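Have a look at the structure below before the remarks.
The values are calculated or read from the model by the stated rules, or taken from the named source; none is laboratory data. Small disclaimer: the values here were computed from a predicted structure and weren't measured. Cβ coordinates were reconstructed from backbone atoms using ideal geometry, including for glycine residues, and neighbour counts include every protein chain displayed.
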Amino acid sequence: MKTAASALHLLRPESPAQALQWMRERAPLQPLAGGTDLYVALNFGTCPARAFLDLSRLGAWRGIKVERDGGLRIGALATFAEIRDHKGVAKALPALCAAAREIGGAQIQNRATIAGNLANASPAADSAPVLLAADAVVELVSVSGVRRVPVAEFFLGYRRTALQPDELIQAVVIPTPPRAGQWYFRKVGTRAANAISKVVFCGVRGPQPRIALGSVGPVPLRARRAEAALAAGEPVETAVAALQQDIAPIDDLRSTAEYRRFVAAGLLRQFWERTASPVRRPVRRR
């Protein structure tokens with residue numbers, strides 16, 4: 001590991017209140033949950049933080065609750081293995097279960113948390129397009145109180161979020177998914193597991209279509225122009241053309257901007273074709 005462990009300091013709060021107090025009084029602190037992204041940064045020596053706040057003992061921020069209206073409240077420390085296997089999530093939002101199955105391998109899913117996937121603010125975060133399409137809200141908390149920020153407003157730029165220095169994520173709240181909507185999720189990567197996405201896509205077909213993507217811009221995004229075209233009853237090729245204005249992919253080690261545009265267009269066509277039938281279709285894996 002390129003980061004010297006002897007230079008690091010770890011704090012382990014016993015309660016959310018203590019965690020928030022330390023975030024206010026002992027800043028700057030780097031929150032640590034599953035650590036699946038953070039450990040990689042430490043190994044490569046790219047993590048500037050030297051003081052860490054271990055949230056693993058905060059049981060109050062674990063668990064998944066299905067609300068009476070069919071919505072979901074997912075604790076910040078819920079792992080993707082828990083989301084993947086949760087019957088309530090599978091019933092209310094199967095696309096989120098599909099995304100959870102695509103995040104790394106079994107070892108990563110057993111450690112990685114939904115809050116960490118959001119706070120890391122990677123454009124390729126596999127859960128983000130589903131949460132965007134679901135109009136999810138992130139609950140941010142500090143000693144000053146709770147702030148609720150829509151996921152669509154949470155990502156401010158590459159690796160930047162709406163989190164203030166003394167705030168932590170305590171939950172992700174998902175409103176009642178549209179009952180008439182047909183969901184579609186697809187991740188395209190180099191291989192079927194343990195791969196960062198080249199393009200990740202989530203769509204909902206209904207009176208107000210929703211389209212969200214990752215790995216095609218500096219942040220995960222809603223394709224508002226493409227959504228508007230479909231909602232207006234335009235042909236899917238019009239929506240495909242609009243999609244090209246919604247996204248701004250780049251060339252990097254994993255793919256090219258040209259390929260990402262090609263794949264995003266294909267996924268939109270596939271989404272619209274496969275949700276054309278009123279019969280509910282299963283969410284597709286990679």
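Within region 175-215, track down each residue that is touching an Asp or Glu at 6+ places or on another chain (Cβ under 8 Å) and β-branched (Val, Ile, Thr).
THR176, VAL200, ILE211
If a residue has to be surrounded by fewer than 15 Cβ atoms within 10 Å (Cβ to Cβ) and among the hydroxyl-bearing types (Ser, Thr, Tyr) to count, how many in region 189-229 make the cut?
1
Out of region 185-239, which residues are out of contact with any strand residue (DSSP E or B) (no Cβ under 9 Å at 6 or more places or on another chain) and in a helix (DSSP H, G or I)?
Within region 185-239, ARG225, ALA228, ALA229, ALA231, VAL236, GLU237, THR238 qualify.
Being under 23 Å from LEU58 (Cα atoms), among the hydroxyl-bearing types (Ser, Thr, Tyr), touching a helix residue (DSSP H, G or I) at 6+ places or on another chain (Cβ under 8 Å) and surrounded by fewer than 20 Cβ atoms within 10 Å (Cβ to Cβ): is that true of SER142 here?
Here the answer is yes, as SER142 does meet what is asked.
May I ask you to list the residues in region 219-238 that are in contact with a Leu (Cβ under 8 Å, 6 or more places away or on another chain) and closer than 22 Å to PRO123 by Cα?
Of everything in region 219-238, those that are in contact with a Leu (Cβ under 8 Å, 6 or more places away or on another chain) and closer than 22 Å to PRO123 by Cα turn out to be VAL219, PRO220, LEU221, ARG222, ALA223, ARG225, ALA226.
Considering region 8-17 alone, what residues qualify as being exposed (fewer than 15 other Cβ atoms within 10 Å of the Cβ) and either acidic (Asp, Glu) or part of a helix (DSSP H, G or I) (or both)?
Across region 8-17, the qualifying residues are GLU14, ALA17.
Restricting to region 230-265, what's the tally of residues that are surrounded by fewer than 15 Cβ atoms within 10 Å (Cβ to Cβ), of a type outside the set (A, V, I, L, M, F, W, C) and at pLDDT below 95?
1
Any idea which of (1) of a type outside the set (Lys, Arg); (2) in the same structural domain as PRO129 (by TED's automatic domain parsing); (3) more than 20 Å from the chain's Cα centre (by Cα) is the one THR46 doesn't satisfy?
With respect to (1) of a type outside the set (Lys, Arg); (2) in the same structural domain as PRO129 (by TED's automatic domain parsing); (3) more than 20 Å from the chain's Cα centre (by Cα), THR46 is out only on (2).
Residues checked against (1) part of a loop (DSSP other than H, G, I, E, B); (2) in contact with a helix residue (DSSP H, G or I) (Cβ under 9 Å, 6 or more places away or on another chain); (3) surrounded by 14 or more Cβ atoms within 10 Å (Cβ to Cβ); (4) free of Cβ contacts under 8 Å to residues at least 40 places away in the same chain:
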residue: THR3; (1), (2), (3), (4): yes, yes, yes, no
residue: SER6; (1), (2), (3), (4): no, no, no, yes
residue: LEU20; (1), (2), (3), (4): no, no, yes, no
residue: MET23; (1), (2), (3), (4): no, no, yes, no
residue: ALA27; (1), (2), (3), (4): yes, no, no, no
residue: VAL40; (1), (2), (3), (4): no, no, no, yes
residue: LEU53; (1), (2), (3), (4): no, yes, yes, no
residue: GLY70; (1), (2), (3), (4): yes, yes, yes, no
residue: LEU77; (1), (2), (3), (4): yes, yes, yes, no
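Let me confirm something: among ILE103, ILE64, which residue is of a type outside the set (D, E, K, R) and in contact with a His (Cβ under 6 Å, 6 or more places away or on another chain)?
Answer to the check: ILE64.
Within region 161-183, restricting attention to residues that are among the hydrophobic types (A, V, I, L, M, F, W, C) and assigned to a strand (DSSP E or B), which residue is farthest from GLY71 (Cα to Cα)?
Selected residue: LEU168.
Restricting attention to region 76-93, does a residue exist that is within 23 Å of VAL173 (Cβ to Cβ) and of a type in the set (Ser, Thr, Tyr)?
Yes.
Can you find even one residue in region 90-102 that is outside any helix (DSSP H, G or I), assigned by TED's automatic domain parsing to the domain that holds HIS9 and closer than 24 Å to PRO218 by Cα?
No.
Of all the residues that make up region 113-133, how many are outside any helix (DSSP H, G or I) and within 20 Å of ALA212 (Cβ to Cβ)?
8
What number of residues within region 112-127 are crowded, with 24+ Cβ neighbours inside 10 Å and of a type in the set (S, T, N, Q)?
Adding up the residues that qualify gives 3.
With the structure loaded, tell me whether GLU82 is in the same structural domain as LEU140 (by TED's automatic domain parsing), within 30 Å of PRO177 (Cβ to Cβ), crowded, with 18+ Cβ neighbours inside 10 Å and among the acidic types (Asp, Glu) or whether it fails that test.
Yes, satisfied.
Please work out if PHE201 is within 16 Å of the chain's Cα centre (by Cα), farther than 23 Å from THR256 by Cβ, modelled with pLDDT of 95 or more and not hydroxyl-bearing (Ser, Thr, Tyr).
So PHE201 fails the test.
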